[in-house]
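Encoded as structure tokens, the structure appears first; notes follow it.
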């Protein structure tokens with residue numbers, strides 16, 4: 001019976017220990033002082049300069065689209081333009097005139113190209129000159145060499161170079177500002 005009482009007391013004490021939670025309270029205060037130099041580097045991509053879209057998908061146009069863009073962290077520049085293809089225009093005009101039955105006019109349009117002009121002269125069939133054809137046209141071309149396409153194209157080439165130089169200079173200045 002003492003065993004039973006001892007077991008009952010042991011059981012009673014053990015239930016009390018397991019029934020109540022153990023609580024621990026601790027308070028702490030800490031102070032941290034840090035002295036130093038910090039550097040923060042933020043790496044982000046620059047905003048984009050987007051070239052203008054130039055739609056030249058129509059096959060009946062004699063133009064070529066040209067576009068470009070330059071972007072720095074500070075400034076972005078974009079530009080675009082179309083460039084006329086004069087030989088393409090010449091071919092289309094000559095074909096249209098020929099289709100309308102105006103064969104001499106079509107040949108005259110083609111003769112504005114110095115390569116065609118020279119080929120016609122070498123073939124013995126000079127290009128038409130102010131309504132004259134054949135030997136009469138050949139004599140007039142010989143009397144007026146300044147009207148031949150090679151001279152006219154040289155003057156146009158000089159003008160095109162000047163325009164290209166000006167456009168290139170403007171882009172170089174803008175690029176210099178951007179950098």
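Laboratory data are not the source of any read-out in this text; all were calculated from the coordinates shown. Remember, it's a predicted structure, so these values are computed and weren't measured experimentally. Cβ sites come from the backbone with ideal geometry, for glycine too, and all protein chains shown count toward neighbours.
Structure values in brief
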item: Computed label-point distance, nm, for sites residue 132 and residue 40 using a 7 Å Cα→Cβ extension; result: 8.6 nm
item: Potential extension, residue 29-residue 93 segment - 0.36 nm per residue separation minus Cα distance; result: 13.7 nm
item: Fraction in percent of alpha-carbon pairs per bin - 10 Å, region 86-151; result: 23, 54, 22, 1
item: Inter-probe distance in nm under a simple model that places probes 7 Å from Cα toward Cβ, at residue 123 and residue 64; result: 2.7 nm
